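Asker: Here you go, one structure.
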Amino acid sequence: MLSGCDYLDSIPGVGLKTAHRLLRRHKTVEKVVQMIKLEGTLHVPVNYIESFAQAELAFIHQRVYDPTLKKLVPLNEFPEAGLKEDDEKWVGLDMAPEVARGIAEGNLHPETGVMLEDICPDYQPAKRDIQKVSPIYGGGADCRCLSVQDQRPRSPAHWMLSSPVRTPQRFASRN
């Protein structure tokens, strides 16, 4: 996080390598920031330590949907002191279990809460070929999983070569 993340801007000039080196040397983020400020060569944003703590809350305690309990739960237990009022926005606001379930199952729009329309109600996914896998590839003799062919993603190059319509010039001469 010291080198920047979705929830926190980086200290300009501190990338992954520098952050790693500084943390190994100074052990805590607070000491790293203190040393950067004392050296004066890099600019530390205002309230960086407070912002870092809030971003850390988002990573460690964010609310996630638990399909067995069918409700939102913290990824890890909240601190014993609890959350401050301002911390709620970082870990995700709590919501009624039926709303969380609707969003998790793709039935409710996550921002508006409006019921989503199923535009293909008759769609049935294709059945996949299931076969036994040898112990060499991660399963016992009676392990059942998708066949190797189903597990391999097809590359765009494969689609272009196997497609009857070839638009790029380099494929124009092929039959």
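None of the figures in this text is laboratory data; all of them are computed from the coordinates on show. Just so you know, these numbers come straight off a predicted model, no measurement behind them. Neighbour counts are summed over all protein chains in view; Cβ atoms, including those assigned to glycine, are modelled from backbone coordinates with ideal geometry.
Asker: Post the alpha-carbon centroid distance, the range 49-85 to the range 87-116, in whole angstrom.
Answerer: Taking the Cα centre of the range 87-116 as reference, the centre of the range 49-85 is 16 Å away.
Asker: Here is a further query. Let's test the formula: R0 of 45 Å, r as the Cβ-Cβ distance of Lys17 and Met115. What FRET efficiency results, to the nearest 0.05?
Answerer: Details: r = 48 Å, r/R0 = 1.08.
About 0.40, to the nearest 0.05.
Asker: At most 12 other Cβ atoms within 10 Å and a DSSP loop assignment: could you name the GluC sites (Glu not before Pro) in the range 45-130 that fit? Working shown, then result.
Answerer: Working: sites: Glu50, Glu56, Glu77, Glu80, Glu85, Glu88, Glu98, Glu105, Glu111, Glu117; in loops: Glu77, Glu80, Glu105, Glu111, Glu117.
In loop regions of the range 45-130 (DSSP not H, G, I, E or B), the sparsely surrounded GluC sites (Glu not before Pro) are Glu77, Glu80, Glu105, Glu111, Glu117.
Asker: Testing the spin-label approximation: label points 7 Å from Cα along Cα→Cβ at Ser51 and Thr68. State their distance in nm.
Answerer: Reported label-point gap for Ser51 and Thr68 is 3.9 nm.
Asker: Another one. Calculate, for Asp87 and Lys127, the FRET efficiency according to 1/(1 + (r/R0)^6) with r their C-beta to C-beta distance and R0 45 Å; round to the nearest 0.05.
Answerer: Numbers: r = 46 Å, r/R0 = 1.03.
My answer for the efficiency is 0.45.
Asker: Please order Cys120, Cys5 by the number of other Cβ within 10 Å, starting at the fewest.
Answerer: Ranking Cys120, Cys5 by Cβ neighbours within 10 Å, fewest first, gives Cys120, Cys5.
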